[in-house]
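So the structure is just underneath, and the comments pick up after that.
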């Protein structure tokens, strides 16, 4: 006959939390903002590199339709989202999200159009230097939203939930 032994491992998360200094939500947010400020220069370099890659990839536009090419552009644009805002370029983030929506629409509808992609990439390059654009940056982003509306695939409306009595 065997004897059953129970083993209860220590809860390392609970131990770590009990040793941590309590912080308010405001302190945590301030620390998070400070951490983001420290990586802003790296994010700016990431945006510059991403724009260079987008432009180089777009310059090698294939003669025939290649869905994987649009997927590559999508991935390059997707990698820019978030870094722009941390680098102080929120309009670049908005343009990158818009480009992803356009590329998603082109892929989903099996379209092969270079124009909407070119206008997004050129606009993102302009938005990289918001001081030179002034109030024009918002106009560029608004124009990109019109392009996005033409090519993006909107999700179907969610079915309404029945009212509960």
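Laboratory data are not the source of any read-out in this text; all were calculated from the coordinates shown. The structure presented is a predicted model; accordingly, all values stated were derived computationally and were not measured. When we count neighbours, we look across all protein chains shown, and the Cβ atoms used for this are built from the backbone with ideal geometry, even at glycine.
Values for this structure:
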item	result
Estimated inter-spin distance, residue 7 and residue 39, nm [label 7 Å along Cα→Cβ]	3.7 nm
Potential lengthening between residue 28 and residue 126 on full extension [0.36 nm per residue; Cα-Cα distance subtracted]	31.8 nm
Area projected by the alpha carbon convex hull of the chain, averaged over all directions, nm²	21.2 nm²
Within segment 93-124, backbone nitrogen closer than 20 Å to the virtual label 7 Å beyond the Cα of residue 78 toward Cβ	93-113, 117-118, 120-121
Degrees between helix 136-151 axis and first principal axis of the chain (Cα, 0 to 90, nearest 10)	90 degrees
Extension gain (nm, one decimal) between residue 14 and residue 57, 0.36 nm per residue minus Cα-Cα	10.6 nm
Cα long-axis angle, helix 25-38 against the chain (0 to 90 degrees, to the nearest 10)	50 degrees
Whole-Å semi-axes of segment 4-44's equivalent ellipsoid (Cα gyration tensor)	37, 15, 6
Least to most buried among 148, 37, 26 (fewest other Cβ within 10 Å first)	26, 37, 148
C-alpha long axis of helix 67-78 to longest principal axis of the chain, angle in °	60 degrees
